[in-house]
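Structure record follows, encoded as structure tokens.
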Amino acid sequence: MPASQVIERICLEKRHIMKKTLIKMGALFLAGGVALAAQAATPEEDRTAFTNHYKFRFPDVPMEEYPNGAYAIDRIGRENWEAIEEFPPYEPFIDEGQEMWETPFANGKTYKDCFSDGPGIKSQYPRWDKKQGMVITMALAINQCREANGEKALKYKKGPIVPLMSYMAFESRGQITNVVIPEDDPRAMAAYESGKKFYFTRRGQLNFSCATCHVQNTGLKVRTEVLSPSLGHTTHWPVYRSKWGTAGTLHRRFTGCNRNIRAKPMKAQGEQYRNLEYFLTYLSNGLTLNGPGARK
Amino acid sequence: MRTKRLLSVLLLAVTFVAGTGVTLAADAKAENPKAVKAQMEIDKADKARKKAASVESEWTTTGKLIKKAQAALKKGDYDTATRLAKQAGEQGEIAYEQGASQKELRMPSYLKY
């Protein structure tokens, strides 16, 4: 092949590569943000970054409003929500939960024997359990209490655990979220980082991460629903959701969210979702607990 | 004696005919290349689905497509079964790449530190 043709071919290939690169960069830009390599940010730096992001996005929303979720930023939705809160649909669940709390197990003991500070103990969870080497959530602690007293574990998404947790959440109202990641056990930080990674990992056929909706596009709408900021996500559970026609747990919501983006959900109260709850609750440190809640 | 012999012959004949029928049917099914291809695609798709699941990246749509493909195969609609299974297989591969490409945490640029 003559030299001139070789040179022409090399130039054509270079242009082709350049065109492909530009297309890829354009696609990345359109996808919304070029990903940067993970920085070694501390949990407090993460929380600050999130807080600053939302403060910039919603300059008129005070921090104490974030536990109200989308209703902190959706004025019209808030009017409906305030009307619902006059006769809250979660009230019967609180009453049922109180009865459960006070009813002894078959062996004569009660939940109070497991949770001496209870029932208002929601601010103690989730927490890192050094002995068990994992994040313990309130739901998991409830079932560990039950099994230790010869009772069957309750299901984690719906059913009797919901009223019990609703009562405990109600009794915990006004407490301040305060997740502490112990420095003397690196596994705790690993669990936090695992939850953080889950939060930022794209999944499902729609290729969304939690951050896609709740950081990048918070305040915008998916169909008719305003996307809530992640600050305050964990303060108000369990929640009576009009869509469910009943109250349900945070992990039930996790599975629903994953299904919405066509990702096969993880197991409720499995390691992935417990670590995600750990990460999310840390982000809400300083915010007031206000469960149970009512949502669309 | 004669009746006994007649009955034995009849029994032998029935067994022979039934056996031939079963063999013919089995041969027909086994030799149907479209059915074989459809089953191969379904198996391949399920393998891809499990591969995606191994990196916690399985899509809900993949399993549904595989079930539809299996239903189509059972009905004898081999072309549909193959098409759906191929689609499921592609989804499984893409889902695996999606999960595998995010082994390391990469923070989005819209969150400022």
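The values are calculated or read from the model by the stated rules, or taken from the named source; none is laboratory data. Worth saying up front: this structure is predicted, and the values here are computed from it rather than measured. All Cβ positions, even for glycine, are placed from backbone atoms using ideal geometry, and neighbour counts span all protein chains on display.
Miscellaneous remarks
- Residue satisfying all of: in the range B:85-101; under 24 Å from A:THR255 (Cβ atoms), more than 9 Å from chain A (Cβ to nearest Cβ) and surrounded by 18 or more Cβ atoms within 10 Å (Cβ to Cβ); farthest from the chain's Cα centre (by Cα) among these: B:TYR96
- Which numbered condition A:GLU65 misses (of (1) modelled with pLDDT of 55 or more; (2) in contact with a Phe, Trp or Tyr (Cβ under 9 Å, 6 or more places away or on another chain); (3) outside the structural domain of A:SER209 (by TED's automatic domain parsing); (4) not aliphatic (A, V, I, L, M)): (3)
- Considering the conditions (1) away from chain B (no Cβ under 11 Å); (2) touching a residue at least 60 places away in the same chain (Cβ under 8 Å); (3) over 18 Å from A:VAL135 (Cβ atoms); (4) among the aliphatic types (A, V, I, L, M), A:ALA188 is excluded by exactly one of them, (3).
- Candidates A:PHE279, A:PHE198, A:PHE254 - the one that is within 11 Å of chain B (Cβ to nearest Cβ), closer than 21 Å to A:THR177 by Cβ and not basic (Lys, Arg): A:PHE198
- Residue in the range A:62-78 that is more than 24 Å from the chain's Cα centre (by Cα), within 20 Å of A:LEU289 (Cβ to Cβ), surrounded by fewer than 15 Cβ atoms within 10 Å (Cβ to Cβ) and charged (D, E, K, R) present: no
- Boolean, A:LYS221 is facing chain B (nearest Cβ under 9 Å) and either over 23 Å from A:ARG78 (Cα atoms) or more than 13 Å from the chain's Cα centre (by Cα) (or both): no
A quick yes/no check of all residues on (1) in a loop (DSSP other than H, G, I, E, B); (2) exposed (fewer than 13 other Cβ atoms within 10 Å of the Cβ):
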position: B:ALA71; (1), (2): no, no
position: B:THR80; (1), (2): no, no
position: B:ARG83; (1), (2): no, no
position: B:LYS103; (1), (2): yes, yes
position: B:TYR110; (1), (2): yes, no
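- Scope the range B:55-69; condition part of a helix (DSSP H, G or I), touching a residue at least 12 places away in the same chain (Cβ under 8 Å) and within 13 Å of another protein chain (Cβ to nearest Cβ); matching residues: B:THR61, B:THR62, B:GLY63, B:LEU65, B:ILE66
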